[in-house]
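Structure first, then comments.
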Amino acid sequence: MKALVQRVTHAKITVESPPYEASIANGLCVFLGVEERDDQNIATWIAKKLANLRVFRDDQGKMNCSVLDKHGEILLISQFTLAGDCSKGNRPSFIRAAKPEIAEPLVTMVGELLQTEHKVSVKTGIFGAMMNIELNNDGPVTLLLERS
């Protein structure tokens, strides 16, 4: 599982069909890619890591606070292209990406764990939909979390 995490001052997702929109203010915009061997243990690890990742400034300006500490939100977006392998040729291979019947429940699980176990406000995209994302990266701070 891969999570591309960006600290944001604002993030918004828009889906044209079916019409859908979700946005957050200060928090994390997380693009989540599920790979074929990922499971519930990895989803649990990712949720805990996202809730507790210290990437927000404290009173001294150091990255010492989590999204929980700052009462921020998470915009969680499924993105299978994170599993793309670009090592050969010029066209990415998505052979490592989990099939939708595996990926969707794990993405849902991460969102639910963030809300229920970690008490983080979460907004989501729509699994498999064509989405437009707007965000203001704060810092910029961008990290890649990986667990397999």
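Take the residues in the stretch 72-87 that are assigned to a strand (DSSP E or B) and of a type in the set (A, V, I, L, M); name whichever of them is surrounded by the fewest Cβ atoms within 10 Å (Cβ to Cβ).
Checking each candidate, the answer is I77.
Here is a check on your reading of the model: is A47 out of contact with any Phe, Trp or Tyr (no Cβ under 6 Å at 6 or more places or on another chain), in a loop (DSSP other than H, G, I, E, B), small (G, A, S) and touching a residue at least 24 places away in the same chain (Cβ under 8 Å)?
Against the criterion (out of contact with any Phe, Trp or Tyr (no Cβ under 6 Å at 6 or more places or on another chain), in a loop (DSSP other than H, G, I, E, B), small (G, A, S) and touching a residue at least 24 places away in the same chain (Cβ under 8 Å)), A47 does not qualify.
Among the residues of the stretch 72-95, what is the count of those that are within 23 Å of T116 (Cα to Cα) and not hydrophobic (A, V, I, L, M, F, W, C)?
Residues meeting the conditions: 4.
Which residue is nearest to A83 (Cα to Cα), if the candidates are limited to the stretch 26-45 and must be aliphatic (A, V, I, L, M) and touching a strand residue (DSSP E or B) at 6+ places or on another chain (Cβ under 6 Å)?
L32
Given the structure, is D58 among the acidic types (D, E), farther than 23 Å from S148 by Cα and surrounded by 12 or more Cβ atoms within 10 Å (Cβ to Cβ)?
For D58, the condition - among the acidic types (D, E), farther than 23 Å from S148 by Cα and surrounded by 12 or more Cβ atoms within 10 Å (Cβ to Cβ) - is met.
Within the stretch 17-38, is there a residue that is of a type in the set (S, T, Y), loosely packed, with under 15 Cβ neighbours inside 10 Å and part of a loop (DSSP other than H, G, I, E, B)? Show your work before the answer.
Narrowing the stretch 17-38 to residues of a type in the set (S, T, Y): 17, 20, 23.
Subset that is loosely packed, with under 15 Cβ neighbours inside 10 Å: 17, 20, 23.
Cutting the leftovers down to part of a loop (DSSP other than H, G, I, E, B) gives us 17.
Scanning the stretch 17-38, I find at least one residue that is of a type in the set (S, T, Y), loosely packed, with under 15 Cβ neighbours inside 10 Å and part of a loop (DSSP other than H, G, I, E, B), so the answer is yes.
What are the residue pairs meeting all of these: first residue in the stretch 76-87, first residue within 23 Å of H10 (Cα to Cα) and without any contact (Cβ under 8 Å) to a residue 60 or more places away in the chain, second residue surrounded by fewer than 21 Cβ atoms within 10 Å (Cβ to Cβ) and of a type in the set (F, W, Y), Cβ atoms under 6 Å, and 6 or more apart or on different chains?
S78/F127
Please work out which residue is nearest to S78 (Cα to Cα), limiting yourself to the stretch 128-148 and to residues that are in contact with a helix residue (DSSP H, G or I) (Cβ under 9 Å, 6 or more places away or on another chain) and surrounded by 14 or more Cβ atoms within 10 Å (Cβ to Cβ).
Step by step, filter the stretch 128-148, then rank; the result is L145.
Might you check whether a residue that is more than 16 Å from L113 (Cα to Cα), in a strand (DSSP E or B) and free of Cβ contacts under 8 Å to residues at least 12 places away in the same chain occurs anywhere in the stretch 62-71?
Yes, because at least one residue in the stretch 62-71 is more than 16 Å from L113 (Cα to Cα), in a strand (DSSP E or B) and free of Cβ contacts under 8 Å to residues at least 12 places away in the same chain.
When the stretch 1-10 is examined, which residues are found to be farther than 22 Å from A83 by Cβ and buried (at least 17 other Cβ atoms within 10 Å of the Cβ)?
R7, V8
Checking the conditions here, which among A129, A103 is assigned to a helix (DSSP H, G or I), over 15 Å from A25 (Cα atoms) and in contact (Cβ under 8 Å) with a residue 12 or more places away in the chain?
Unique residue meeting the criteria: A103.
Just so you know, all these numbers are worked out from the coordinates, no wet-lab data involved. If you're wondering where the values come from, they're calculated on a predicted model, not measured in any experiment. No Cβ is skipped: glycine too gets one built from the backbone with ideal geometry, and neighbour counts run over all protein chains shown.
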